[in-house]
Amino acid sequence: METMTEKPITQFIVWDGKYQIGHKVIDRQHQKIISMINQLFEAIRSSEGRQSSQTILKELARYTNIHFTFEEKVMRKINFPEYDDHKKLHDELMVRTLELKERNAASDLDISNEVLQFLKSWWLNHIQELDRRYTPFLG
Ligand code: FEO
């Protein structure tokens, strides 16, 4: 039975239709990444501790790699002319994400609002501005 006392869940990033680029698999992958950033936010907000943030960061790094590999394959298949520049941005973010994971594991970094804001703006900008650029080539 539902109770009336449950607190509404505040999401750090609310997924919106405007973030969809029109590729079913890629949209699903983006949504999953956003959901992981929300989980990270929730873990920090509720002070679940380093172990929890580490588990989420590990999964975020693993899944980011899966997504980039898939998306790069799609871009190569459609001969997207901006492939090299786009891949460079992926590589840079991958390095940053792995660095966050390593530093957090080594207790060298607490996941702060700054880190969360960085991930939020990187992903929302990238999805809306840059991933959208290859969609006319999808056919
Ligand atoms: Fe969906 Fe270029 O990352």
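Read the figures in this text as sums done on the coordinates, not as results from a lab. Keep in mind the model is a prediction, meaning the values are calculated, not measured. Don't worry about glycine lacking a Cβ; one is built from the backbone with ideal geometry, like all the others, and counts go over all protein chains shown.
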Worksheet entry | For the range 13-60 versus the range 107-139, the gap between their alpha-carbon centres in whole angstrom | 11 Å
Worksheet item: DSSP H helices in the chain with Cα extent of 18 Å or more along the helix axis and mean Kyte-Doolittle hydropathy at least -1.0?
Response: 24-45, 50-77
Worksheet item: Which lysines have a Cα less than 20 Å from the Cα of residue 120, not counting those fewer than 8 places away in the same chain?
Response: 18, 32, 58, 87, 88, 101
Worksheet item: Of all trypsin sites (Lys or Arg not before Pro) in the range 56-85, which ones are in loop regions per DSSP and have a Cβ with at most 13 other Cβ atoms within 10 Å?
Response: none
Discussion item. Give me the one-decimal nm value for the distance between modelled label points at residue 15 and residue 46, 7 Å along each residue's Cα-to-Cβ direction.
Written reply: 1.9 nm
Discussion item. Give me the Å³ per residue figure for the convex hull around the C-alpha atoms of the chain.
Written reply: 125 Å³
Worksheet item: Points 7 angstrom from Cα along the Cβ direction at residue 130 and residue 85: gap in nanometres?
Response: 1.0 nm
Item to complete: Could you work out how far apart the two model spin labels at residue 62 and residue 25 are, taking each label as a point 7 Å from the Cα in the direction of the beta carbon, and quote it in nm?
Response: 2.0 nm
